[in-house]
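Read-outs throughout are calculated quantities, based only on the coordinates presented, and are distinct from any laboratory measurement. Bear in mind the structure is a predicted one, so any value in this text is a computation, not a measurement. So basically every Cβ, Gly included, is an ideal-geometry build from the backbone, and we count neighbours across all protein chains shown.
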Amino acid sequence: MANFNTHITIAAAGAGLASTALFKAGYASAPEALVLTLAGTIGGILPDVDLKYSYPSKIIFSVLGTLIGLLAVFSVQRDVSVVELWVFGLLVFAVIRYLLWGVFHKLTVHRGAIHSVAAGVFFSLATINLSYHILGHDAAFAWFLGFFIFYGFLIHLILDELYSVDFMNHRVKRSFGTALKIVDLRKLPNSCLIVGLSVFLWFLAPESEAFVEALLNPTNRDFFRDDFLPRFEQGFLY
């Protein structure tokens, strides 16, 4: 499989290219394009979150613990002292980063149910709901954020599958077929849980009409015709 540096580099590059196109087309502001690039990069390392001592696992659970800790701190009463807020926030962080991290890795195996397209859909829908219901983003941006998580996730799966083929020696490694899969049939209970949670999150997600309209808008044809590629007029590049 591809290493951490390869995954994060390719995911960041792919997400950056896509978010730049959205920015140029007018669907995202510059700050939003940066956030979408970050989302695609995070999606690019998410499939390795089930590898216990990997960088993705430590990074993702640390970030998750920090975000949830901050949300918890901001949600408590204002009459609590600063020191109590610090202790409370650190406690929430520790529970997420160490306790939940440990439980998660006891229930998962690498390249199992998490390393599948179904898991990518789950993380995408979880991001959409978090963005819309908790962070207060509008529905269109929430869906774009979830799309970029899935986009980076899919890049990871494809990279791992490509690395399962030794093109120089014209052979297929034993790991071929374990990276890019819809669901993990070997861990059927975990896969069923992921699919069930995804269906639940789908019904909680905001309306997707604005997101779909942005993707299917007829003016996109004008964008790809006029602004996507360089234009040459009278011998000069515009």
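Values for this structure:
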| item | result |
| --- | --- |
| Residues 101, 143 arranged by fewest to most Cβ contacts within 10 Å | 101, 143 |
| By average C-beta atoms within 10 angstrom, highest first, the peptides 180-193, 33-46, 4-17 | 33-46, 4-17, 180-193 |
| Estimated distance in nm for a label pair at residue 66 and residue 98, the labels positioned 7 Å out from Cα along Cα-to-Cβ | 1.9 nm |
| Projected label distance in nm at residue 134 and residue 216, using a 7 Å step from Cα toward the beta-carbon | 3.1 nm |
